[in-house]
Amino acid sequence: MSPPLDIRGFRFFPGFLDRPAQEALVNVLRDLLRNAPLYQPVTPRGQKMSVRMSAAGRFGWVTDRRGYRYEPRHPGGMDWPPIPEEVLAIWRAVSGATREPECCLINWYGEGARMGLHQDKDEADFSCPVVSVSLGDEGLFRMGNAERGGKTESIWLKSGDVVVMGGDARLKHHGIDRIRFGSSTLLPQGGRINLTLRVVT
Ligand code: MD3
Ligand code: FE
């Protein structure tokens, strides 16, 4: 495993998953999403998000009119499926954490979907990193600062890339400005999947 590239404390592992590993992961996720379907979350202010979401693990991150939070069940009422072994293996290889992730959030970006600059602050222990896995179309990832405003830096995340956000980077603002719809052949219908692995409690 090559050492990661460090940009503002975000640690990048470009091409961490080769094409066969990406395909195997998509097959696992296809099964998982049959049991925990993607849905369109609504912000506390009542805006539909452009990203569709689901999750695996003991908790899934959800948003609706009642607010942002982690929930032990899918909005449809079922338990979240377990985090697949293939995904846990990525966490163990790159996170440097002793704890196991309790949530694998699944974000699906169709044409035109984006995610505004935000911080991830709904977890209890910011000493644990967050690990992101990108699959499918490229996404323009913007990295900012722990405070609001200031300069930002962007990088295109490609299918198979893994990013670790720990230490100083854990509370930095970040978002996805846009995707290059159709830039990857991994997902036959196009789009981008991002997995984020988190310790919640
Ligand atoms: C930096 N997802 O789900 S992954 C999110 O590609 C989220 O779907 C984006 O931001 C996506 O919250 C970006 C990279 C990422 C994920 C979590 C972070 C960066 C992070 C948590 C803390 C700091
Ligand atoms: Fe985030």
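The figures follow:
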quantity	calculated
Efficiency of FRET from Cβ geometry, Ala146 and Arg34, R₀ 45 Å, rounded to 0.05	0.70
Model label zone, Val26; criterion: amide N under 16 Å from point 7 Å along Cα-to-beta-carbon; scope region 42-68	none
Gln119-Ser183 FRET efficiency (beta carbon distance; Förster radius 30 Å; 0.05 resolution)	0.60
GNM top mover of Gly112, Gly166, Gly77 - the chain, alpha-carbon springs below 10 Å	Gly77
Inter-label distance, nm, simple model (7 Å from Cα along the C-beta direction), Glu153/Ser2	1.7 nm
Highest-first arrangement of 92-101, 40-49, where packing means the average Cβ count within 10 Å	92-101, 40-49
Over the chain - Rg/Rh using Cα atoms and the Kirkwood inverse-distance radius	0.92
Ordering of 55-67, 147-159 by burial proxy (mean other Cβ atoms within 10 Å per residue, highest first)	55-67, 147-159
Accessible area (Å², 1.4 Å probe, nearest 10) - Leu171	50 Å²
Which of Tyr68, Tyr39, Tyr109 is most accessible, then next, and so on - probe 1.4 Å	Tyr68, Tyr39, Tyr109
Region 57-134 - accessible surface per residue (Å², probe 1.4 Å)	49 Å²
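The values are calculated or read from the model by the stated rules, or taken from the named source; none is laboratory data. Everything numeric in this text was worked out from a predicted model, so none of it was measured. Heads up, the Cβs are rebuilt from the backbone with ideal geometry, glycines too, and the neighbour counts pull from every protein chain shown. Ligands, DNA and RNA are stripped out before the accessible areas are found, and what is left, the full protein with its side chains, is counted by its heavy atoms. Shrake-Rupley method; radii C 1.70, N 1.55, O 1.52, S 1.80 Å.
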